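See structure below.
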Number of protein chains: 2
Amino acid sequence: MGSDASLDSLKTKLLTIHHLKNASAVLSWDQETYMPSGGGPARAEQIATLQTLAHEAFISPETEKLLGTWVDIPTGQLLEKARTTLAKSSQALIKEIWRDFNHASKLPSAFVNTLERECSLAQQVWTEARKKNDFSLFLPNLRTVVTLKLEETQYLGYSDSPYDALLDEFEPGSTVEQLKPLVGTLRPRLVSLLQHVLNSSIKPKTSLLTQSFAHAAQLEFGETVLRKMGYEFDRGRLDQSAHPFTTSFHPNDVRVTTRVFEQDFQSCLFSCIHEGGHGLYEQGLLPEHYGTPLGEAVSLGIHESQSRLWENAVGRSRPFWKHFFPLAQSVFPEQFGNTAFDEFYLAINHVQPSLVRVEADELTYNLHIMVRFEIELDLIEGRTRVEDLPEVWNQKMQDYLGITPDRNTNGVLQDVHWSFGAFGYFPTYTLGNLYASMFYEQAKQEIPNLERGIAEGNLLPLKEWLNQKIHRWGRQYSPEELVRRVTGQDLSPEPFLNYLEHKFGDLYDFSIKPET
Amino acid sequence: MGSDASLDSLKTKLLTIHHLKNASAVLSWDQETYMPSGGGPARAEQIATLQTLAHEAFISPETEKLLGTWVDIPTGQLLEKARTTLAKSSQALIKEIWRDFNHASKLPSAFVNTLERECSLAQQVWTEARKKNDFSLFLPNLRTVVTLKLEETQYLGYSDSPYDALLDEFEPGSTVEQLKPLVGTLRPRLVSLLQHVLNSSIKPKTSLLTQSFAHAAQLEFGETVLRKMGYEFDRGRLDQSAHPFTTSFHPNDVRVTTRVFEQDFQSCLFSCIHEGGHGLYEQGLLPEHYGTPLGEAVSLGIHESQSRLWENAVGRSRPFWKHFFPLAQSVFPEQFGNTAFDEFYLAINHVQPSLVRVEADELTYNLHIMVRFEIELDLIEGRTRVEDLPEVWNQKMQDYLGITPDRNTNGVLQDVHWSFGAFGYFPTYTLGNLYASMFYEQAKQEIPNLERGIAEGNLLPLKEWLNQKIHRWGRQYSPEELVRRVTGQDLSPEPFLNYLEHKFGDLYDFSIKPET
């Protein structure tokens, strides 16, 4: 439990709350993987009960009293006693506990109840509206959710934009002021890069990847790659679910899922690698910090950097496939036996504007995110009305990707996030991509012959580097501090843009001159 | 939630507690089926947290106040208001809630904590001692557990034997005074019946059942039988675990498990049928009573009657195999293609004294239970010392089954029950057998052509009869009342003994004259 024994009573209290939350996570995992359909309604009640008890225990006077011996509750300033007697890591711990406490305490219980009920309702209506391709069905619920989220920003408080209050929940310290120039840099260069790709005479043979691939063989191949990445199966599992995800109940009990489409070589495999990146982060948190913020991932953006790094920088790289393509050929001899390496490598890196984010390639993916970020920012800052969303969405898709959705199901209704009020979530996907490139560049500098090792199937040095540099620290440093500690740099889009321009310039045979 | 709206606040309180307990049950199920080994220690803490919270919420002043508006808390007598305004079923509900509350409240929290910790410890030592065949290792822990259970009987109170206080937890209303004459009748007739079987010149060809049976085919066959029994897979699952069990998180989310040994045709199949019997009970409880005693099984003995009825009265019967043997032959043509029906039927009903209870046949099984019942009764009533258990055990095995364990691992150390303090549990297995025979006799009288239907694979009339007669009532009637309602008779060993004497007389070609 760390070195400061005087913190034990606070940690014990948190541990109980953490056990409740992790129990709830087990119930959610079961719901997505094995639960028979009849179990749904009772399961929702069971999860709600655990979440409510955890919330109530966390914002209880007892927690406040224990925390108040170390920190000034109204301001979050450490007390003299904390500054003089606690180790640095324990001081960070107290600050992070306060951060969570302060956030949870600002929201009145009645408001949390209303928000959770309305979001749960909106999510059900969204499912229906998406199925029926009927935005008008979803409109009243979405309006309610947006109104409630605006109310939430008032409770939480902010200096510049109300959007900051929402963003902060997913990416501590991130602001509109920080994101806007990033997007301003990324968007034109991604749009231009996409034009270069589309103008290229090189056309990948994507039909290679849509042959028939046996279900069991796909799963086995995915599991083989996961093991090579260092994902440990005595502390983790791989299961199947409708939407791939990662969850953790303890660093020694982490679960990732994938899904299998027999006509698609990529979906199962890249879900395994992507979720495996998340899973390695969770397995890499230190068990002695379990139940405290130091035993938790620092932000969604940093989490996503781990999945993106493995999925794209590694899993779609030439060195990776130097090792794994021969294996893929032996597992799928009929499909790949006569395929040349370069042909395969080009196919799994093909770029094609498409309507659906989760199926997007590495390059266009961030344009999908920008569409969402700009729309939700306008919504929360009051420049766009909810009823105008379909039109706004379609226009931005045309502007950035050059295609217009045929129907709202493939447009504004495609993502679940807004229905459960997760405004401020989407930018973390792009932040993850930017962090991933910065981390990977640094790893290449620090790990001798990294890519030569990867080409020999040796992925463990990278996993161990990530363990040491990122995973083990939990929330001891803010995302901003962590990135600076690991790379010596502040967050920048340049490594990511350079990586894309270089990679796709090579693949599609063009070159982009460095901007002056 | 039933008809008495005035009970709603009490029911709502219970529902929260029930959600916690069911969440804990999900965590236990996961632990036995899918949890990676590393998850063990954290899981124990998570489960302990949920159980403690549920216990504290249940014995809280709030529960007492809500319950106290209907019942006199010290005595359990219904108040005037309850007797005049509540429906009969709601009155039964209040009585059962009081029963649980009274039981839980009598045990001081500190005692519960000590007991749980010592039992958890003893169980770990038992695992080790069993592996090492070393009773002396387990002796100090078992002594502690016995001492604690004696202390528990003082808290709980009893009129005649302290054993009654323990028994009552598993089989409400059951007493030593009731069990002793049952055992007195059963033991000599079972011992005599066993002698007849052993003296018979008929020798079943059991090697039929120890050929090699493919893992997947065994599971599929088990699942087929479960479906035929009416176990619903949109409200249930079948998984694998080291020790088969049934658990439920709601009548619409019931889980059974089995285990597969490739060299054993019986283990997987009869575990499926046995657990399926338990599972049908859980699926047959009424969802509208979820969270209250009316939505819970009434006792372990009645629960076991359901599994035993399906496993033995049905699953080892001639009509059952009239339908399923041809199917078994088609699934396992190499193993059974040339086997005659009678040869197979005799083999799955072979009787052979053996050392290990869980592998015992239908006839000798109850002799195993008697060994345990008599020993634990002597322990709790102070006539036997813990250190003498191995010797006492071996002597009783010799007396009743004619064999002496070669080692304590196959003797006194074989069962987990005593290590976690479950004294008073074993008799419910035998009660289950007696109830099962009574119920099945009644079913044959009430369901037209029951066995002819079974021989055609039609098991649903029996399932529906059990739903109506037993499952749907939950804890509305005591086990004693329930048996009388269903059969018109009081608990008796005669139907069971008659069934065994008739069945094995036929199979082994002897006849036992009715006693005068």
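Worth pointing out:
- Placing +1 on each Lys and Arg Cβ and -1 on each Asp and Glu Cβ, with no other charges, gives the range A:407-470 a dipole about its Cα centre of roughly 140 debye.
- Taking other residues whose beta carbon is less than 10 angstrom from the beta carbon of A:LEU389, and scoring Lys, Arg as +1 and Asp, Glu as -1, yields -4.
- Order of B:VAL416, B:VAL386 - criterion: other Cβ atoms within 10 Å of each residue's Cβ, fewest first: B:VAL416, B:VAL386
- Residue separation of A:LEU121 and A:GLU391 scaled by 0.36 nm, minus their Cα-Cα distance, works out to 94.8 nm of gained length.
- Residues in the range A:400-435 reached by a label modelled at A:ILE512 [backbone nitrogen below 17 Å; 7 Å Cα→Cβ]: A:400-402, A:430-431, A:433-435
- Order of B:HIS215, A:HIS19, A:HIS196, B:HIS289 under a 10 Å beta carbon neighbour criterion, fewest first: B:HIS215, A:HIS196, B:HIS289, A:HIS19
- Shielding by partners for peptide A:31-43, expressed as the average number of C-beta atoms from other protein chains within 10 Å of each residue's C-beta, is 6.
- Note on A:LYS205 and A:GLN352: their simple-model spin labels are 1.5 nm apart, each label 7 Å out from Cα toward Cβ.
- For the segment B:229-235, counting C-beta atoms of other chains within 10 Å of every residue's C-beta and taking the mean gives 2.
- Shape category assigned to the range B:128-208 from the gyration tensor of Cα positions, a/c cut at 1.5: oblate
- Angle in degrees between helix A:460-469 and the longest Cα principal axis of chain A, rounded to the nearest 10: 30
- Here each label is just a point 7 Å from Cα along the line to Cβ, and for A:ASN338 and A:GLN468 those points are 4.8 nm apart.
- Taking the label point 7 Å along Cα→Cβ, A:GLU464 and its counterparts in the other copies are spaced 6.6 nm apart, in ascending order.
- Distances in nm from A:ASP509 to the matching label points in the other copies, shortest first (labels 7 Å along Cα to Cβ): 8.9
- Ranked B:TRP310, B:TRP418, B:TRP465, criterion: other C-beta atoms within 10 Å, fewest first: B:TRP465, B:TRP418, B:TRP310
- If the chain linking A:VAL191 and A:GLU177 were pulled fully straight, counting 0.36 nm for each residue of separation and taking away their Cα-Cα distance, it would gain 2.8 nm.
- The angle between the Cα long axis of helix A:215-229 and the longest principal axis of the Cα atoms of chain A comes to about 70 degrees, rounded to the nearest 10.
- Length-normalised contact order for the range A:176-508 - Cα pairs under 8 Å, 6+ apart - percent: 23
- Innermost chain A residue relative to the axis carrying A onto B, by Cβ distance in angstrom: A:ALA23, 3
- When the square roots of the Cα gyration tensor eigenvalues are ordered a ≥ b ≥ c, the ratio a/c for the range A:168-240 is 1.5 or more and a/b does not exceed b/c, which makes its shape oblate.
- Euclidean distance between Cα centres, the range B:109-134 to the range B:481-516, Å: 39
- Bridge type composition, chain B - antiparallel percent by DSSP, nearest 5: 50
- Between the Cα long axis of helix B:365-380 and the first principal axis of chain B there is an angle of about 40°, rounded to the nearest 10.
- Number of partner chain Cβ atoms within 10 Å, mean per residue of A:12-21: 3
- Entries of B:LYS106/B:LYS149; B:LYS65/B:LYS149; B:LYS444/B:LYS469 with Cα pairs more than 21 Å apart: B:LYS65/B:LYS149
- Per-peptide average of other Cβ atoms within 10 Å, ordering A:419-430, A:220-231, A:143-154 highest first: A:419-430, A:220-231, A:143-154
- With Rh defined as the Kirkwood radius, the inverse of the mean 1/r over Cα pairs, the Rg/Rh of chain B is 0.95.
- Each of B:ALA242 and B:GLN445 was given a label point 7 Å from its Cα along the Cα-to-Cβ line. The distance between the two points is 4.5 nm.
- Copies compared at B:SER6 - label distances in nm, ascending, label defined 7 Å from Cα in the Cβ direction: 5.7
- Computed over the alpha-carbon pairs of the protein assembly as shown, the distance histogram in 10 Å steps reads 2, 9, 16, 20, 18, 15, 11, 6, 2, 0, 0, 0 percent, short to long.
Since every read-out is calculated from the coordinates, none of them should be taken as a lab result. Fair warning: this is a prediction, and the values are worked out from it, not measured in the lab. Here the Cβ is made from the backbone with ideal geometry for all residues, glycine too, and neighbour counts use every protein chain on show.
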